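A.B. asks: Got a structure here, written out as structure tokens. Questions coming.
The values are calculated or read from the model by the stated rules, or taken from the named source; none is laboratory data. No experiment lies behind these values; they were computed from the predicted model shown. Cβ coordinates were reconstructed from backbone atoms using ideal geometry, including for glycine residues, and neighbour counts include every protein chain displayed.
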Amino acid sequence: PVMIEFDNVQKVYPNGTVGLKDIDLKIYEGEFVAVVGLSGAGKSTLLRAINRMHDVTGGDLKVDGQSIVGYKGKELRNLRRSIGMIFQDFNLVNRSSVRRNVLSGRVGYYPTWKSSLDLFSSEDKKRALDSLNRVNMTEKLYTRVDELSGGQQQRVAIARALMQDPKIMLADEPIASLDPLTATAVMDDLLSLNKDLGITVLANLHSVPLAMKYADRIVGLRAGQLVYDKPIAEVSQDD
Ligand code: ADP
Ligand code: ADP
């Protein structure tokens, strides 16, 4: 089944910059899709349209068969809840513990006071451990995020995203600020979510070799347009 469908999608930013132009694209449930292209090609714009971090300016965009462009209120909240997202700079609360950061994925806001940990049921706390276990970070439960390496922080961000039981994981340059070895650990985690949990993954990547190693399919953007789309078996070095 189709999980995400772009139908002639356009995105023009308020200042007139074209972010996306005439995008037609179907992403199938369970796929791991790498989105490649130069800086400014529109990769981030494409991802952020899917969870409505921003709105498209033309065409239609469906998630799980439903057009999301008109979503408001509860529908919009449910959409965002069903989609996990991680970023190049992790977006964690640095001075706080791994546990608190991961638990915050359950409610979608960050619990400020010590007492607010009471907001979380024992089920939430168990879930946080399960999520951290999936990215091999349980031993860092009480560690402050700013004491972790970049790779470890990204894995905590993945665990936080898992708290909502997402159907889709969007990864916006997830390894761009990591060294190669650490990058591999993060990519391995994304692959495990995809293969073991069946989560559909879209990852913006600069590295074509990594895209070839991890993805089922490579989609290429240039100046906001889709210029490449091939299953991994058909990708050739000369492309
Ligand atoms: P990529 O992720 O491939 O680097 P982006 O999606 O970030 O590309 O950007 C696509 C184009 O849209 C670029 O020309 C970029 O400068 C522009 N752009 C991105 N965000 C904004 C914004 N908020 N306002 C105006 N232009 C933007
Ligand atoms: P990873 O491969 O997961 O990124 P590293 O090999 O970079 O981990 O880090 C190894 C150890 O060094 C980890 O236990 C981590 O907590 C610690 N570490 C790495 N960077 C920092 C840092 N900036 N501050 C404190 N500890 C760090």
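A.B. asks: For the stretch 123-136, how many residues meet the condition of being buried (at least 22 other Cβ atoms within 10 Å of the Cβ) and either farther than 26 Å from Gly30 by Cα or not β-branched (Val, Ile, Thr) (or both)?
C.D. replies: Qualifying residue count, the stretch 123-136: 3.
A.B. asks: Which number in (1) within 16 Å of Leu47 (Cβ to Cβ); (2) more than 16 Å from ligand 1 (Cβ to nearest atom); (3) not aliphatic (A, V, I, L, M) marks the one condition that His206 misses?
C.D. replies: Result: His206 fails condition (2) only.
Rundown of residues vs (1) closer than 24 Å to Asn15 by Cβ; (2) modelled with pLDDT of 95 or more; (3) more than 16 Å from ligand 2 (Cβ to nearest atom); (4) of a type in the set (Gly, Ala, Ser), yes/no style:
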| position | (1), (2), (3), (4) |
| --- | --- |
| Arg48 | yes, yes, yes, no |
| Asn51 | yes, yes, yes, no |
| Asp64 | no, yes, yes, no |
| Ser67 | no, yes, yes, yes |
| Arg80 | no, no, yes, no |
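A.B. asks: Mind listing whichever residues of the stretch 139-154 are within 8 Å of ligand 2 (Cβ to nearest atom) and either of a type in the set (Phe, Trp, Tyr) or in contact with a helix residue (DSSP H, G or I) (Cβ under 7 Å, 6 or more places away or on another chain) (or both)?
C.D. replies: Answer for the stretch 139-154, where residues must be within 8 Å of ligand 2 (Cβ to nearest atom) and either of a type in the set (Phe, Trp, Tyr) or in contact with a helix residue (DSSP H, G or I) (Cβ under 7 Å, 6 or more places away or on another chain) (or both): Lys140, Thr143, Leu148, Ser149, Gly150, Gly151, Gln152.
A.B. asks: Within the stretch 130-145, how many residues are among the polar types (S, T, N, Q) and assigned to a loop (DSSP other than H, G, I, E, B)?
C.D. replies: Qualifying residue count, the stretch 130-145: 2.
A.B. asks: A further question follows. Looking at the structure I just gave you, is Asn136 within 12 Å of ligand 2 (Cβ to nearest atom) and polar (S, T, N, Q)?
C.D. replies: yes
A.B. asks: A follow-up question, please. How many residues are crowded, with 22+ Cβ neighbours inside 10 Å and over 15 Å from Phe87 (Cβ atoms) when one looks only at the stretch 169-188?
C.D. replies: Number of matching residues: 1.
A.B. asks: Another question, if that's okay. Condition check: away from ligand 1 (no atom under 14 Å from the Cβ), crowded, with 17+ Cβ neighbours inside 10 Å and more than 22 Å from Lys213 (Cβ to Cβ). Does Val63 satisfy that?
C.D. replies: yes
A.B. asks: Residue check, Val145 against (1) hydrophobic (A, V, I, L, M, F, W, C); (2) away from ligand 1 (no atom under 16 Å from the Cβ); (3) buried (at least 22 other Cβ atoms within 10 Å of the Cβ); (4) more than 22 Å from Val2 (Cβ to Cβ), all met but one. Which one?
C.D. replies: (3) is the only condition that Val145 fails.
A.B. asks: Yes or no: Leu76 away from ligand 1 (no atom under 16 Å from the Cβ), under 19 Å from Leu190 (Cα atoms) and of a type in the set (A, V, I, L, M)?
C.D. replies: no
A.B. asks: Further, regarding this structure: Out of Arg100, Arg95, Arg106, which single residue is loosely packed, with under 14 Cβ neighbours inside 10 Å, under 24 Å from Ser131 (Cα atoms) and modelled with pLDDT under 95?
C.D. replies: After applying the criteria, what remains is Arg95.
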